[in-house]
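Reviewing the structure listed below.
Any read-out appearing in this document is the output of simple, stated calculations on the displayed coordinates, not a laboratory observation. This one's a predicted model, so the numbers in the text were calculated from it and none came from an experiment. Here the Cβ positions follow ideal geometry from the backbone for every residue, glycine too, while neighbour counts run over all protein chains shown.
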Amino acid sequence: MVTIPPEAQKYLKHIPTIANWVQKNKQISGLEMALFKAAYKEPYLLLKQTTYEEIRRIITPYQNDPQYGNYVRIALSPQGESWLKYALDLIRRS
């Protein structure tokens, strides 16, 4: 089993949820953003302070990981990139 460094783990632990939202093309309402900000401070602050490029750099080595690989590939896909940039922009503006 590969040990995942803390820098990557802080993103990878949220990647299954992100991949699910990418696949559903989840549109985030203002109310949902307010709830996310209040209920999930750690991922909110993490994502508010990063860029897609930084996320891509950190998660790319885990594309073939047995636990996270499928989710990482979804996040790195063109649809994933588009959705993540959309979500990061919303988070920065909130």
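Side notes on the structure shown:
- Note on Glu53 and Ala39: the model spin-label points, each 7 Å out from Cα along the C-beta direction, lie 3.4 nm apart.
- At an R0 of 30 angstrom, the distance between the Cβ atoms of Leu31 and Ser82 translates into a FRET efficiency of 0.85.
- Helical mean residue ellipticity (222 nm; -39500 (n - 2.57) per DSSP H run of 4+; nearest 500) of the chain: -20500 deg cm²/dmol
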